[in-house]
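Heads up, the thing below is written out as structure tokens.
What follows is calculated from the coordinates using simple rules that are stated; it is not laboratory data. Predicted model only: the values in this text are computed from it and were never measured. Every residue, glycine among them, receives a Cβ derived from its backbone with ideal geometry; neighbour counts consider all protein chains shown.
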Amino acid sequence: MTEFPLKEFASIKTPFYYYDKKLLVATLDAIKKASPEAEYHVHYAIKANANPEILKYICEAGFGVDCVSEGEIRAALNAGFPASGIVFAGVGKSDSEIDFALDNDIACFNVESLPELQLIEEMAADKSKIANVALRVNPDIDAHTHHYITTGLEENKFGIDLKMLDEAIAYCAKQPSLRLIGLHFHIGSQILTLEPFKVLCDRINQLVDKYKDQGIHFESINVGGGLGVDYDNPDANPIPDFKSYFDIFRTNLKLEQGMQLHFELGRSIVAQCGSLITKVLYVKEGLKKKFVIVDAGMTDLIRPALYQAHHKIQNLTSKYTENGVYDVVGPICESSDCFGTDETLPITQRGDLLAIRSAGAYGEIMASQYNCRALPGSVFN
Ligand SMILES: *Cc1c(COP(=O)(O)O)cnc(C)c1O
């Protein structure tokens with residue numbers, strides 16, 4: 001359970017992110033323990049959180065990285081990840097990003113369209129290089145998550161449609177500067193039941209069998225990320241159930257001899273170790289509501305405004321045992337700048353410190369300077 005060093009917090013400018021290193025390391029250990037197979041490889045989806053200190057621990061744990069921009073590749077290289085552990089995904093890789101990735105000999109491009117495949121081929125040929133590619137397949141699977149974070153449906157912009165896969169594979173086979181190493185999938189994020197992953201396994205088995213019959217063998221299958229975390233009970237479930245997650249693939253995915261299995265976990269690695277610490281500026285009594293106005297806003301943590309996400313809110317300093325009911329809102333000039341409505345908290349007053357929990361993923365990295373605000377700092381235990 002994350003403990004908050006309140007004495008130390010008293011001298012730190014709010015709002016800031018507080019990261020529980022012990023929990024991060026315990027989470028990384030749990031992943032390693034749950035996936036001991038030599039052919040299982042976990043790549044951290046760095047877009048969830050690229051704080052250099054966080055990256056240091058993930059790098060030390062021996063994980064690879066899943067990047068979606070040149071900036072992320074640079075952040076990974078700076079943190080010490082070897083290029084041979086970096087995969088590069090994204091629907092809109094620019095020419096200069098592909099150039100940079102080729103020059104740095106990253107492990108693999110996860111390619112999302114035919115025109116992208118052609119561009120990578122041309123650029124690799126110009127450099128007399130061979131680019132490793134995996135084709136990102138849109139498997140048309142409903143991950144039953146928020147529609148903004150489902151990615152594997154036919155209507156989503158991600159991946160190559162199943163019907164166009166034959167053409168993409170045939171293209172790779174003809175091009176000496178492309179080496180097709182496998183297929184890539186990612187069906188969405190914050191997935192809380194394991195059923196969609198089972199459906200994904202079935203879909204992958206069908207595809208692998210189909211191509212095997214045509215004499216095409218893949219070296220690697222990448223199943224993406226998406227495992228969810230318990231935003232309601234971060235203390236009861238600080239570490240996601242990685243054992244059950246990996247078991248789903250163990251049980252349902254038919255790995256051919258020598259085939260490598262790659263995972264790209266983001267949220268499930270870093271969400272629970274981070275909290276946004278914010279100070280109460282005012283408690284404002286409305287006619288029907290009481291508002292707790294805090295100094296953190298959607299610029300520091302945008303998930304509630306962007307995805308209607310809810311994070312558990314905890315008053316760290318209230319001396320009261322009686323509760324009040326509050327809307328907890330930020331200072332930004334947007335009505336969506338609200339962390340929670342009708343939150344039951346111990347009586348809350350100006351100066352109290354609140355922790356907005358489970359904010360380690362898609363929190364600090366999505367911070368903006370809207371309203372000309374300063375970016376939040378970060379503190380580690
Ligand atoms: C975002 C993303 C991930 C990580 O998703 P999580 O839900 O954070 O685990 C993995 N792979 C790809 C291609 C992604 O875009």
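What's the local net charge at Y282, with K and R +1, D and E -1, over the other residues with C-beta under 15 Å away? Show your work: numbers first, answer last.
Details: positive: K279, K284, K289, K290, R350; negative: E285, D295, D327, D337, D352.
Result for the neighbourhood of Y282: 0.
Of the cross-linked pairs K210/K254; K174/K254; K47/K157; K32/K212; K32/K93, which ones have a Cα-Cα span greater than 22 Å in the structure shown?
From the list (K210/K254; K174/K254; K47/K157; K32/K212; K32/K93), the Cα-Cα distance tops 22 Å for K174/K254; K32/K212; K32/K93.
Quick check on packing: order 27-38, 83-94 by the mean number of other C-beta atoms within 10 Å, highest mean leading.
Going from most to least packed, we get 83-94, 27-38.
Using alpha-carbon pairs under 8 Å, 6+ residues apart, how would you state the relative contact order of the range 272-380 in percent?
Contact order relative to length: 37 percent.
Contact order normalised by length for the chain, with contacts defined as Cα pairs under 8 Å and 6 or more residues apart; what percent is it?
Relative contact order here is 20 percent.
Could you give the angle, 0 to 90 degrees to the nearest 10, between helix 21-34's Cα long axis and the longest principal axis of the Cα atoms of the chain?
30
First check a/c for the range 21-270, with a ≥ b ≥ c the square roots of the eigenvalues of its C-alpha gyration tensor; if it is under 1.5, answer rounded, and if not, answer prolate when a/b is larger than b/c or oblate otherwise.
In terms of gyration-tensor shape, oblate.
Could you tally the net charge around I356, taking each other residue with its Cβ under 10 Å from the Cβ of I356, Lys/Arg +1 and Asp/Glu -1?
Spelling it out: positives minus negatives among the neighbours equals +2.
Hey, how many Å between the Cα centroid of the range 1-56 and the Cα centroid of the range 345-361?
20
Determine, for each peptide in 188-199, 350-361, 267-278, 122-133, the mean count of other beta carbons within 10 angstrom over its residues, then list the peptides with the highest first. Spell out each step's value before the answer.
Details: 188-199: 18.9, 350-361: 23.1, 267-278: 27.8, 122-133: 16.3.
Those peptides, ordered most packed to least, come out 267-278, 350-361, 188-199, 122-133.
Which of Y17, Y44 comes first, and how do the rest follow, when ranked by fewest Cβ neighbours within 10 Å?
Y17, Y44
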